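*Asks:* Questions regarding the structure given below will be posed in turn.
The values are calculated or read from the model by the stated rules, or taken from the named source; none is laboratory data. Small disclaimer: the values here were computed from a predicted structure and weren't measured. Cβ sites come from the backbone with ideal geometry, for glycine too, and all protein chains shown count toward neighbours.
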Protein chains: 2
Amino acid sequence: MTLANEIAEQTALFNNLRLQNADPAEVEAAKRKLGELKKAQGVLNAKEREKKGDSAEGEKKKERILLKTPKGTRDYGPSEMFCRLHIERIVKDAFALFGGSCLDTPVFERKDVLTGKYGEDSKLIFDLMDQGGEQLALRYDHTVPLARWLAMTGGGGQGKVWQVGKVYRRDQPVMSKGRMREFMQADFDISGTFDPMIPDAEIVSLLCTIMNNLDLGEYTIKMNHRKILDGIFTVCGVPEDKIRTISSAVDKLDKLPWVEVKKEMTEEKGLDSGVADKIGEYVKHKGGPELLDILTSDATLMANKSAKEGVEDMALLFTFLRAYKVLDKISFDLSLARGLDYYTGLIYEAIVEASAPPGFKADASADSTPTPKPKSKPKDAGEDEEVDESQVGVGSIAAGGRYDNLVGQFASAAASESKSSKKSAASTPCIGVSIGMDRIFALLWPKWVGLGGRCKDTMVYVMAAGDGLLEERMELARDLRAAGIKTDFLAKKKPKLPVQFAAGEKDEVPFAVILGGDELKAGLVTVKEQRWEFKDGVKVKVESADKGTKVKRDELIAWLKNSDVWKTWV
Amino acid sequence: MTLANEIAEQTALFNNLRLQNADPAEVEAAKRKLGELKKAQGVLNAKEREKKGDSAEGEKKKERILLKTPKGTRDYGPSEMFCRLHIERIVKDAFALFGGSCLDTPVFERKDVLTGKYGEDSKLIFDLMDQGGEQLALRYDHTVPLARWLAMTGGGGQGKVWQVGKVYRRDQPVMSKGRMREFMQADFDISGTFDPMIPDAEIVSLLCTIMNNLDLGEYTIKMNHRKILDGIFTVCGVPEDKIRTISSAVDKLDKLPWVEVKKEMTEEKGLDSGVADKIGEYVKHKGGPELLDILTSDATLMANKSAKEGVEDMALLFTFLRAYKVLDKISFDLSLARGLDYYTGLIYEAIVEASAPPGFKADASADSTPTPKPKSKPKDAGEDEEVDESQVGVGSIAAGGRYDNLVGQFASAAASESKSSKKSAASTPCIGVSIGMDRIFALLWPKWVGLGGRCKDTMVYVMAAGDGLLEERMELARDLRAAGIKTDFLAKKKPKLPVQFAAGEKDEVPFAVILGGDELKAGLVTVKEQRWEFKDGVKVKVESADKGTKVKRDELIAWLKNSDVWKTWV
């Protein structure tokens, strides 16, 4: 994409945000980015002029650079990271709560490890330049590296493993919705042979725990079973070799109305119209456990082995989900198909209200009433495509499923001819979930920034009244930090007291500790507690006539840790 | 490097570890890797045979892949990650203690951002393939992306920022010493205009806090000042244009004896022998604040403006370091030069005993007594170089310095002609430290793994005596997790009790909660506390005749949280 295009896109985004009365911080960020792009344009224009004017200052031109992050990536500054770390903490705490242990794999893999795992989307893989060694590519997800690791090591047999890190896709980015080329996924996977549907229920319960703790508002876990879907397709008359492609058409029902999906099935993919209509009847079903009765009473469907196994799995799962007390969050949805080829059983995704694109009524899935078609085009890696951000939703914020054969595929592709090793490797069934951390951030950030711009949780700001007392401030900061109290002070020799207060207030530090020469000689310091409150939507310091409390310097740490303010903060 | 070479290298490493009586886990890991390589070799040989036999099964051949991580990278499995997360926690806690807030930048940058920042080492940059868009490269460190971010945003004016993440160098790896192509650095930087040497002292105090908390044994912070070094070189008669190259020769004094360094200066770099000898006299000095007196009384040196400023800075710094109570950790070392070009003031690095290569006496720096020359070659990106791992030390485990001009360079290279923006951008002095997390791991891991192989801190394992009680186990696990208690159970329908105990004991879970049908009807569960101790160096469960405690199911959470065992664990 040219810089001119980027400016046009950014202008559209900025105007759009203003019209939508979006969060001021978001508008501000868009405006700032636009400014940067225009500035860069100015530099380029100047270079252009320089060139034409034949002032051949090659050296000088060469050192001009465009200060921006690569397309589809961004920096997260301190306030944003404070929010992201909060999200990470919730997710990682839940992973530990459910007995997970951590795995870390390299950010790039040997290219052949990724080859043939992502179907059409393989074109989105970021390749590294061949610099005289291995062919490498950035990881596309955490699932394939995990499967590679399990195939190499066995992963200790059976276990729960989590991974939090960035993955890479050369897709068309929609930055404001958290759809990026570099994005963070948090994965939790259970590998190994266990009794049916128990790991599946654990993962669903984990996902609900995370969704509850993130406080994203109402959410739904949509789920379906690949064996049921395959059974439906077979029973409806889809030829064996068309099942995957028809499945990926069905998967679009959360973004497109049925008439469009049917058109894709019949016109693009050559499916008989009658067969498509039969599928349409099935995939409109969604609901709770009662859907099991409808399916079980469908004798044609139950005669299909795959469908029957899938329905039995779902029945067992619902029993477990009742024990986990999460049934009210579940929507058993026969239109859910998920794109990836490697799923073999249960599949699911978590959606919140903001997941759907604007103007699209998710409930219209199998209804033939026309709904506005989102303008977003299908994925493409071309640099010149543009996406109308206002027409794109955040999408599912977590998704996953059971993939019982992926580890076995790796092991058999690498292992020697011995039958025994093939057998042991093939028997590593897995189920997992990937959580889209950037999408969660896109949803939480507007609320978060409205609560004030804190970017750290410093507890004490050490100040001096009068003569600087620099070394005394250093000594006190050192002592407080040695006691585990997050402390800071202004790195100036003789700063004025109001300047020091302002520096501490920027981070809403709850305790100001003030040193004075005479007081210090008497072994005393002054502590002022600081509080903040919202006034007309803005966070302000609560003014107080309190002159502060004199505390013995030697007793300061104990005094702080026993104060009421401390207890409400830590 | 060919697979045959890799096998040879791995064989050497494995034999070496055995001879050194290295930690058994390390030996085992080396053995496992060797096995994998040999297996891969077998597959390749089979492919070769297949080819010769003309059995043109192209398809089948194509799917064979070599299951390994890219050269210079590795997976960190659950036990290793448990140790790494412990290290990260200590480092990040210290960053927060000192008032830092977090920044996250993309793992790759536009190539021109990295160009011209790393001197000769630029050849070690990992480039991404040009797939029809921007020229991108993996970040080489956190400093340059930080400077780019500061130049773009101003970073909120003045602040303390930390970054923890992976960086990439196509160097010759020495895996067992934590020298890798993908490695994790934790950086803390202070940017903005403050009073002299206060941020510098903060960073040194932070580094000491981290070194203390990591418990790596005795350590030293070696420090020097670029202005003093430059003054020394000028006073000794080094021509202006040779200062940086002579400085990088001096930097090798921690790895090479003086005679070798002098040879490099005179024979390779054409310095006059007398000039080199004068330098040799200066750079042998190391010690504490008393070194200031030696320098101050050197009238020739003090006549040099640069040297005088540097000595004044160091005098002020020592005053501050006394207030921070870290003077005993400091070695003012005139031979420390650090490689990077962008340093402008204080420079430092943290070393521990294992930092030096074996057989090299660090104290011999300016001594002409020959010491064994390590066989490790200088950095080279070639794939076929080999490194004798036994001759390489871990090196400095943290390092950094002041770089007052880097942000300004970015800003002036990108900004338009307006003088005002150039001026504001140029005035962002910075100082920072980078901590080598993989080197710390390489030092801590042998000790850590000796303390037992825990890879998570699950507190409760829920079991059933008798008839499986699967849903009851799920319900209890759900309730405990909802109360924030890390809980697990065996994902089997009707597992035997000893199997469940064994599963819980693998992770040294301190509480076994056992459900029984009749007891549960009476509203009771049984809790057994479990303890571990070392016997002959091996961690074993303490056998106890204790039949467990009957606790009301409704009171279980409160009971657990009030137990003595709980308090010692959490």
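*Asks:* Which of the residues spanning region B:114-141 are assigned to a helix (DSSP H, G or I), farther than 14 Å from residue B:171 by Cα and among the aliphatic types (A, V, I, L, M)? First the steps, then the outcome.
*Replies:* At the first step, the residues of region B:114-141 found to be assigned to a helix (DSSP H, G or I) are B:114, B:119-124.
Okay, now just the ones that are also farther than 14 Å from residue B:171 by Cα, so B:114, B:119.
Matches in region B:114-141: B:114 only.
*Asks:* Test of understanding: among B:525, B:540, which residue is buried (at least 19 other Cβ atoms within 10 Å of the Cβ) and among the β-branched types (Val, Ile, Thr)?
*Replies:* Numbers: B:540 fails: buried (at least 19 other Cβ atoms within 10 Å of the Cβ).
Of the residues listed, the single one that is buried (at least 19 other Cβ atoms within 10 Å of the Cβ) and among the β-branched types (Val, Ile, Thr) is B:525.
*Asks:* Further question: Would a scan of region B:110-128 turn up a residue that is more than 26 Å from residue B:179 (Cβ to Cβ), in contact with a strand residue (DSSP E or B) (Cβ under 9 Å, 6 or more places away or on another chain) and either within 11 Å of another protein chain (Cβ to nearest Cβ) or modelled with pLDDT under 95 (or both)? Give the derivation first.
*Replies:* Taking region B:110-128 as the starting set, the residues that turn out to be more than 26 Å from residue B:179 (Cβ to Cβ) are B:110, B:112.
Applying the additional criterion that residues be in contact with a strand residue (DSSP E or B) (Cβ under 9 Å, 6 or more places away or on another chain) yields B:110.
From the residues that got through so far, the ones that are either within 11 Å of another protein chain (Cβ to nearest Cβ) or modelled with pLDDT under 95 (or both) too are B:110.
Yes: one or more hits.
*Asks:* Let me ask another. Applying the selection to region A:507-518, what residues are more than 27 Å from residue B:317 (Cβ to Cβ) and either within 13 Å of another protein chain (Cβ to nearest Cβ) or modelled with pLDDT under 95 (or both)? Working first, answer last.
*Replies:* Filtering region A:507-518 down to residues more than 27 Å from residue B:317 (Cβ to Cβ) leaves A:508, A:510-512, A:518.
Of everything in region A:507-518, those that are more than 27 Å from residue B:317 (Cβ to Cβ) and either within 13 Å of another protein chain (Cβ to nearest Cβ) or modelled with pLDDT under 95 (or both) turn out to be A:508, A:510, A:518.
*Asks:* In region A:281-303, how many are assigned to a loop (DSSP other than H, G, I, E, B) and crowded, with 20+ Cβ neighbours inside 10 Å?
*Replies:* The initial filter retains those residues of region A:281-303 that are assigned to a loop (DSSP other than H, G, I, E, B), namely A:284-285, A:288-289, A:297-298, A:303.
The next check asks that each one be crowded, with 20+ Cβ neighbours inside 10 Å; those that pass are none.
Number satisfying all stated conditions: 0.
*Asks:* On the basis of being more than 24 Å from residue B:455 (Cβ to Cβ), among the hydrophobic types (A, V, I, L, M, F, W, C), surrounded by 13 or more Cβ atoms within 10 Å (Cβ to Cβ) and out of contact with any strand residue (DSSP E or B) (no Cβ under 6 Å at 6 or more places or on another chain), does residue B:470 make the cut?
*Replies:* On the way: more than 24 Å from residue B:455 (Cβ to Cβ): yes; among the hydrophobic types (A, V, I, L, M, F, W, C): yes; surrounded by 13 or more Cβ atoms within 10 Å (Cβ to Cβ): yes; out of contact with any strand residue (DSSP E or B) (no Cβ under 6 Å at 6 or more places or on another chain): yes.
Here the answer is yes, as residue B:470 does meet what is asked.
*Asks:* In region A:95-139, which residues are out of contact with any helix residue (DSSP H, G or I) (no Cβ under 8 Å at 6 or more places or on another chain) and of a type in the set (Lys, Arg)?
*Replies:* Correct list: A:110, A:111, A:123.
*Asks:* Hey, could you check region B:125-152 for residues that are in contact with a Phe, Trp or Tyr (Cβ under 7 Å, 6 or more places away or on another chain), in contact (Cβ under 8 Å) with a residue 24 or more places away in the chain and more than 18 Å from residue B:435 (Cα to Cα) and say which is surrounded by the most Cβ atoms within 10 Å (Cβ to Cβ)?
*Replies:* My answer is B:148.
*Asks:* Could you check, for region A:463-472, whether at least one of its residues is among the charged types (D, E, K, R) and modelled with pLDDT of 95 or more? Write out each step before concluding.
*Replies:* Let us first name the residues in region A:463-472 that are among the charged types (D, E, K, R), namely A:467, A:471-472.
Now narrow it down to the ones that are modelled with pLDDT of 95 or more: A:471-472.
Yes, there is a match, as at least one residue in region A:463-472 is among the charged types (D, E, K, R) and modelled with pLDDT of 95 or more.
*Asks:* Do we have any residue at all in region A:450-458 that's under 16 Å from residue B:98 (Cα atoms), surrounded by fewer than 17 Cβ atoms within 10 Å (Cβ to Cβ) and either under 29 Å from the mean Cα position of the chain (by Cα) or facing another protein chain (nearest Cβ under 8 Å) (or both)? Even if it seems obvious, please write down each step before you answer.
*Replies:* Initially, region A:450-458 is screened for residues under 16 Å from residue B:98 (Cα atoms), giving A:454-458.
The next check asks that each one be surrounded by fewer than 17 Cβ atoms within 10 Å (Cβ to Cβ); those that pass are A:457.
In the following step, the residues that additionally are either under 29 Å from the mean Cα position of the chain (by Cα) or facing another protein chain (nearest Cβ under 8 Å) (or both) were identified as A:457.
Taking every residue of region A:450-458 in turn, at least one turns out to be under 16 Å from residue B:98 (Cα atoms), surrounded by fewer than 17 Cβ atoms within 10 Å (Cβ to Cβ) and either under 29 Å from the mean Cα position of the chain (by Cα) or facing another protein chain (nearest Cβ under 8 Å) (or both).
*Asks:* I would also like to ask the following. Within region A:252-280, how many residues turn out to be acidic (Asp, Glu), surrounded by fewer than 19 Cβ atoms within 10 Å (Cβ to Cβ) and in contact (Cβ under 8 Å) with a residue 24 or more places away in the chain?
*Replies:* Here the count works out to 2.
*Asks:* Can you spot a residue in region A:502-511 that is more than 30 Å from residue A:400 (Cα to Cα) and touching a helix residue (DSSP H, G or I) at 6+ places or on another chain (Cβ under 8 Å)? I'd like the intermediate steps shown before the answer.
*Replies:* So the first thing to find is which residues in region A:502-511 are more than 30 Å from residue A:400 (Cα to Cα), and the list is A:502-511.
Within this subset, residues satisfying the condition of being touching a helix residue (DSSP H, G or I) at 6+ places or on another chain (Cβ under 8 Å) are A:510-511.
Among the residues of region A:502-511, at least one is more than 30 Å from residue A:400 (Cα to Cα) and touching a helix residue (DSSP H, G or I) at 6+ places or on another chain (Cβ under 8 Å), which makes the answer yes.
*Asks:* Hey, another quick one. Scanning for something surrounded by fewer than 22 Cβ atoms within 10 Å (Cβ to Cβ), among the polar types (S, T, N, Q), within 14 Å of another protein chain (Cβ to nearest Cβ) and under 29 Å from the mean Cα position of the chain (by Cα), does region A:232-245 turn up at least one residue?
*Replies:* No, the conditions are met nowhere in region A:232-245.
*Asks:* For region A:74-104, which positions are surrounded by fewer than 22 Cβ atoms within 10 Å (Cβ to Cβ) and hydroxyl-bearing (Ser, Thr, Tyr)?
*Replies:* Answer for region A:74-104, where residues must be surrounded by fewer than 22 Cβ atoms within 10 Å (Cβ to Cβ) and hydroxyl-bearing (Ser, Thr, Tyr): A:76, A:79.
*Asks:* Turning to a different aspect of this structure: Go through region B:170-200 residue by residue and tally those that are touching a Phe, Trp or Tyr at 6+ places or on another chain (Cβ under 7 Å), closer than 19 Å to residue A:105 by Cβ and not in a loop (DSSP other than H, G, I, E, B).
*Replies:* 1
*Asks:* Of the residues that sit in region A:459-505 and are charged (D, E, K, R), more than 10 Å from chain B (Cβ to nearest Cβ) and in contact (Cβ under 8 Å) with a residue 24 or more places away in the chain, which one is farthest from residue B:325 (Cα to Cα)? Break it down stepwise before answering.
*Replies:* Here is the first cut: in region A:459-505, the residues charged (D, E, K, R) are A:467, A:471-473, A:475, A:478-479, A:481, A:486, A:488, A:492-494, A:496, A:505.
Pick out the ones that are also more than 10 Å from chain B (Cβ to nearest Cβ) and you get A:467, A:496, A:505.
Filter once more, keeping what is in contact (Cβ under 8 Å) with a residue 24 or more places away in the chain: A:467, A:505.
Details: A:467: 22, A:505: 28 Å.
Step by step, filter region A:459-505, then rank; the result is A:505.
*Asks:* State the number of residues belonging to region B:206-257 that are hydroxyl-bearing (Ser, Thr, Tyr), touching a Lys or Arg at 6+ places or on another chain (Cβ under 8 Å), part of a helix (DSSP H, G or I) and at pLDDT 95 or above. I'd like the intermediate steps shown before the answer.
*Replies:* Within region B:206-257, the first condition is being hydroxyl-bearing (Ser, Thr, Tyr), and the residues that meet it are B:209, B:219-220, B:234, B:245, B:247-248.
Those left that are additionally touching a Lys or Arg at 6+ places or on another chain (Cβ under 8 Å): B:209, B:219-220, B:245.
Next, only the ones that are part of a helix (DSSP H, G or I) stay: B:209, B:245.
Now restrict to residues that are at pLDDT 95 or above: B:209.
Going through region B:206-257 one residue at a time, the tally reaches 1.
*Asks:* What pairs can you find where one residue is in region A:311-324 and closer than 19 Å to residue B:481 by Cβ and buried (at least 19 other Cβ atoms within 10 Å of the Cβ), the other is of a type in the set (Lys, Arg) and modelled with pLDDT of 95 or more, and their Cβ atoms are less than 8 Å apart, with a gap of 6+ or different chains?
*Replies:* Listed by first residue and then by second, the contacts come to A:323/B:478; A:324/B:478.
*Asks:* Among the candidates A:167, A:161, single out the residue that is at pLDDT 95 or above, facing another protein chain (nearest Cβ under 7 Å), outside any helix (DSSP H, G or I) and more than 30 Å from residue A:506 (Cα to Cα). Let's see the steps before the verdict.
*Replies:* Working: A:167 fails: facing another protein chain (nearest Cβ under 7 Å).
Checking each option against the conditions leaves just A:161.
*Asks:* Next question. State all residues of region B:60-109 that are among the polar types (S, T, N, Q) and either more than 7 Å from chain A (Cβ to nearest Cβ) or assigned to a helix (DSSP H, G or I) (or both); if no residue qualifies, say none.
*Replies:* Within region B:60-109, the first condition is being among the polar types (S, T, N, Q), and the residues that meet it are B:69, B:73, B:79, B:101, B:105.
The answer is B:79, and nothing else.
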